[in-house]
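Just below is one structure, and these are the notes that go with it.
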Amino acid sequence: MERRLAAILAADIVGYSRLMEADEADTLARLKSTRENLIDPKIAAHKGRIVKLMGDGALLEFSSVVDAVGCAVEIQRTMAECNAELPKERQLEFRIGVNLGDVIVEGQDIYGDGVNVAGRLEGLAEPGGILISGTAFDQVERKLDVEFEFLGEQQLKNIEKPVRLYRVSPRTRAASGAVPAKRKRHIEWRRLTVAATALILIAGGVALWKVVGGGSGSPVEVASKARMVLPLPDKPSIAVLPFTNMSDEAGQETFTDGMTDDLITDLSKVSGLFIIARNSTFAYRGKPVKISQVAEELGVRYVLEGSVRRAGEQVRVNAQLIDALTGGHVWADRFDGNVADIFAVQDVFVAKIVEALKVNLTTTEKTEIARAKPDNIAAKEAFEEGWSLYLRYTAKDTAAAITSLKKATEFDPEYGRAYAALALAYFRVVESLWGKELGRDEPYFWWGAHDYAELAKKYPTSLSYTVEALRDVFQGLAEDARRNAGRAIALDPNDPEAHIATAWALTISGEPAEALNFVATAMRLNPNYPSHYVLARGLALFAMGDLKQAADVFGEGVRRNPDATALFLPFSSVLAQLGRREEARQILLKFRPGLDQKGLENLPDTLHLSFKWDYEHASVRERLNDGVRIAALPLDVTVTSLEAELETGNPFSQQYAAKRLGWFGPAALQAVPALVEALKIEYLRREAIEALGKIGPPAQAAIPALVALQNEALVGIYAKDALSKIRGN
C-alpha cells in the first residue's frame, strides 16, 4: 500500500442547477470553448492534478500546500470579480476546502483521512469561501499575500481528533495598484468564462479535463471487455454504486442508502435497461474502488455514482453516469432543495438517465415507478432501514428488519412495498427455519406472511406480485406462481427475485431445465447472489437427475456462506445419493448438532421444506427426503445389510428394512429379488411394493409379481403406482 503526504483541494459549486435551468445550451457552448486555452494552463501553472470529478465537486492533489491554497485563492478571486457585474441569478460560487495530510494511493486515485478532512472543510466553507486545516495553515502562513482568520478547533465527522480551522480571504493584504477600466473589463470577461468553464466541468461532471500532473496528462483507466468476469448484456447496463454520505449530521447513512436503493429500484423497472441488483453493488459500500473495477467485476458498461449531503430539511444530491469503457461522463446533475422534494428529484434523474442512454421510458414504467413510493419521508427511511437489514440474510437482521418495516407501514398505512417486504421477511424465517431463534414457531411466521401478502395485494407493486408468486410456490400452486411471477417481471424486468420465483414455479411443475435459465438470469442481475439462488439452482439440477452438478452447486454455496442452513438438507441428500454418505452425515450433524439417531432419521418428517412440488411431480420431493434419510443412517447400514435383515429378521425389523431399501432408490437394485420374495408375505407387502417403485426402472424383474397384485383390495393402488414408476410413465 503506497502512502504519501499531499495537499488536497476539495471544491464544490453553488448554483449550477440554477444556471443550467436558465440557459443550458448557451452555458455548455460558451464554457466548453474556453477550456483548452484557459483551464488547463491554469491548473498546470499550480502543478496540480485532478484526481476525480464528482457531480458538482472535484478533488485535486498538489505536491505543495502553497500551490493548493494559491490555486483556491485565484479561483475565488476570479469568481468574485465575475459575480460583481452579474445579476444574482447568474452568479456562480465555489466552496473550497484545503488540507495537508497523509493519503493512500491506488492507481490514479487517493483515499484516507487526508482526503476526508478536505471534503469536510469544503462542506463547512461559505459560498465563495475557503477553509483550510491547521496543517495547511502552518505551511502557508507567511508565504501568500492573503488574510487568515482562525476559527478555532472543530470535531469533524468520522475524524478522530479535532481540526484547527482557518478561513482564507482572497483579498490581498495591501492594495497592489488599480487596473485600467478597459483592461479590467477584458480580464473580467476572461475570468467569467474561466469560472463558468470550471463550473460545468466540475458541477456538471463533463469529462473535458484531463488529469494534469507536472504539466502532462495521465489517461483515465478504462474498463476492458476482455477483463470482464461476465459478458456485457445486449442492452445498456448500469451498476449504481452506493452514494457517498457527505452529511455532517449523524445518522444520515440510511437516508443516503435509500437514495441509492430508490434509483436502483426505479431504473430496474425500465425494460430497455439492464440494472445490477443492490445486493451486488452495495458490496462496494465504503471501499475505495475504481469505476473500471466495478464494470469488470459486474459486467456492465455504465456506472452511476453520487453523493448526498443533508442538513435538517435541506438536501443536496450529486449524481453522474460514467461510461466505463471510455471513462467519459454520459450524464450528470445536481439537486439542491428540500427533503420533501426528493421523490420528484429521483424521477427526474431516472428520466434524464434514460434519455441520455436513448432508451424509451413507457407510460406503464412511469406509473410503476411512481406507485412504489410512499407518501412521506419517515416511511421511506423506515423502509430503507428494514430493507437493508433484510438483505443481510441473517436471523438477527431479519428480526430487526421486521421491526423497521412495521414502522414504515405505521407511517404510511398504504405502503404496498413495505407490506410485501414484511411478507418476504416472514417467509424467509420459515424457509430458513429461524422460528425458534426468533422466539416463535414457524407456523406463526407462515400465517403472518400470508397476512402481509394480503395487505400487499391491496396496494400492488412488482414486489407484491413476487410475494404472491412465492406464496403460490410454497402451496404447490405452480400455474398461479408462474402467472404472478410473470406479472412481476413485466413490471420490473431487472428484479432477480421475480426471476427466482419463476424458476421455483417451473421446477415444482416439472420444467427444471427451463427453471435454470431464470436462475441464470437472476444470478447475472445479482452477481453477488445470496444462498437462496443456490438453493433454486441446486434443486432444479436435482429434479433433472444431475446429482453430481447439484452437489457441486450446493458445495460451492456452503463454501461461500457457511451459515446458509437452508442448503444443508438438500446438500446432504444429494451427497448420500451419490454414495458420499460420511460427508452427508457430517452435514446433517452440523445442521442439527446433538440430535440422536432417531431424530436424524425423522428430520424430513419434522422439517418441511417451504415449497411444494405439484401432485404430478411430488416424487421429486420424496426422493429429496429419502436422500436425507440415507444421510442419517449409521454408516454400517448398507443395502447388503438391509437385504440380509429383510430375509432373516423379525417382522418389525423386516418392515423397517424394506422401507429403508426404498430410500436407496436405484442403488438398491441388488435387493430386487429379496423384495419380490417379500411380496409373498402379507405384513411386508406394502413396504416391499413402495420400495420397488422407488427403485424404478432397474426393478423390471418385479413387474410380473406387481401385475398379479394390482387388483388386490388393500395394496392394488400401491402396486399400480409402483408399476407406473418402473415402466417410466
Q) Mind checking whether some residue in region 539-546 is closer than 24 Å to Ile275 by Cβ and buried (at least 24 other Cβ atoms within 10 Å of the Cβ)? A) no
**Q.** Near pairs, Cβ below 7 angstrom, 6+ apart or cross-chain, from region 114-139 (closer than 17 Å to Glu61 by Cβ) to any residue that is among the acidic types (Asp, Glu)
**A.** Gly114/Asp102; Glu122/Asp12
Q. Out of region 544-572, which residues are in contact with a Phe, Trp or Tyr (Cβ under 8 Å, 6 or more places away or on another chain) and within 16 Å of Val628 (Cβ to Cβ)?
A. Ala550, Ala551, Phe554, Val558, Thr565, Leu567, Phe568, Leu569, Pro570, Phe571, Ser572
Q. Among the strands (runs of 3 or more DSSP E) confined wholly to region 149-265, which include 2 or more residues that are assigned by TED's automatic domain parsing to the domain that holds Gly286 and modelled with pLDDT of 60 or more?
A. 237-240
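Let's see how each residue does on (1) under 29 Å from Gly272 (Cα atoms); (2) outside any helix (DSSP H, G or I):
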position	(1), (2)
Trp446	no, no
Leu463	yes, no
Gly476	no, yes
Arg487	yes, no
Q. Are any of the residues in region 338-348 modelled with pLDDT of 80 or more, acidic (Asp, Glu), crowded, with 22+ Cβ neighbours inside 10 Å and under 23 Å from the mean Cα position of the chain (by Cα)?
A. no
Q. Out of (1) over 47 Å from the mean Cα position of the chain (by Cα); (2) surrounded by fewer than 16 Cβ atoms within 10 Å (Cβ to Cβ); (3) assigned to a helix (DSSP H, G or I), the odd one out for Tyr718 is which?
A. (2)
Q: Tell me which residues, restricted to region 85-113, are touching a residue at least 24 places away in the same chain (Cβ under 8 Å), in a helix (DSSP H, G or I) and over 39 Å from the mean Cα position of the chain (by Cα).
A: Glu89, Arg90
Q: Quick one: in region 468-488, of everything that is within 25 Å of the chain's Cα centre (by Cα) and within 15 Å of Gly510 (Cα to Cα), which residue is surrounded by the most Cβ atoms within 10 Å (Cβ to Cβ)?
A: Val473
Q | Qualifying position, being surrounded by 14 or more Cβ atoms within 10 Å (Cβ to Cβ) and of a type outside the set (Gly, Ala, Ser), among Thr640, Thr565 | A | Thr565
Q) Mind checking which residues of region 514-541 are hydrophobic (A, V, I, L, M, F, W, C), out of contact with any Ser or Thr (no Cβ under 8 Å at 6 or more places or on another chain) and farther than 18 Å from Arg560 by Cβ? A) Leu516
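The values are calculated or read from the model by the stated rules, or taken from the named source; none is laboratory data. Worth saying up front: this structure is predicted, and the values here are computed from it rather than measured. Positions of Cβ are backbone-derived with ideal geometry, glycine not excepted, and every protein chain shown enters the neighbour counts.
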